[in-house]
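For reference, the structure discussed in these notes is given below.
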């Protein structure tokens, strides 16, 4: 099975309760959390809440031990109105890879510095933004929990299980 995730994880920008989706028998099983986000200043006339769909993938092939792993977080505006995403600093996303024993084995933002200035991204209806993290050294064979976070003022996250296969 391919670890590519093509999910419809929707994080309504005004929701307060987490949304959990569990696709069956996938190499990547996803769950999405949501939190209040910034209200859209130019909302649609139909009163529909803007929606941001987050998806997480690890490329087209199942990774094997000690080979680079590419993680991708995609945010897509599935709503009818423009979304305004406000950020507390220059960071836009983060990835955490957590081993079965709960140890964080890799974090994209670790050791990086971000401008300490407020930021904003605008996402038109139907448009997407892509953020990528690459684990150059790869990971040992095993099962990992991956959390991808959009670091908005009130962060939004997608979680997945990543299986790294032994080298053949």
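The values are calculated or read from the model by the stated rules, or taken from the named source; none is laboratory data. For clarity, every value in this text was computed on a predicted model and none was experimentally measured. Every residue, glycine as well, gets a Cβ built from its backbone with ideal geometry; the counts of neighbours run over all protein chains shown.
Figures for the structure shown
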| quantity | calculated |
| --- | --- |
| Residue count for segment 149-168, restricted to those that are under 13 Å from the mean Cα position of the chain (by Cα) and either surrounded by fewer than 19 Cβ atoms within 10 Å (Cβ to Cβ) or part of a strand (DSSP E or B) (or both) | 9 |
| Flag if residue 81 is surrounded by 14 or more Cβ atoms within 10 Å (Cβ to Cβ), at negative phi and out of contact with any strand residue (DSSP E or B) (no Cβ under 9 Å at 6 or more places or on another chain) | yes |
| Qualifying residue in segment 113-130 (condition: modelled with pLDDT of 95 or more, within 19 Å of residue 66 (Cβ to Cβ), surrounded by 14 or more Cβ atoms within 10 Å (Cβ to Cβ) and in contact with a strand residue (DSSP E or B) (Cβ under 9 Å, 6 or more places away or on another chain)) | no |
| Leading residue by the ranking (modelled with the highest pLDDT) among those in segment 42-59 that are crowded, with 23+ Cβ neighbours inside 10 Å and assigned to a loop (DSSP other than H, G, I, E, B) | 58 |
| Any hit, segment 141-148, residues being in contact (Cβ under 8 Å) with a residue 12 or more places away in the chain, at positive phi and in a strand (DSSP E or B) | yes |
| Pick from segment 99-110, criterion free of Cβ contacts under 8 Å to residues at least 12 places away in the same chain and in a loop (DSSP other than H, G, I, E, B), ranking: nearest to the chain's Cα centre (by Cα) | 110 |
| Scope segment 60-98; condition under 20 Å from residue 120 (Cβ atoms), in a strand (DSSP E or B) and either touching a helix residue (DSSP H, G or I) at 6+ places or on another chain (Cβ under 6 Å) or without any contact (Cβ under 8 Å) to a residue 60 or more places away in the chain (or both); matching residues | 74, 76, 77, 84, 93, 94 |
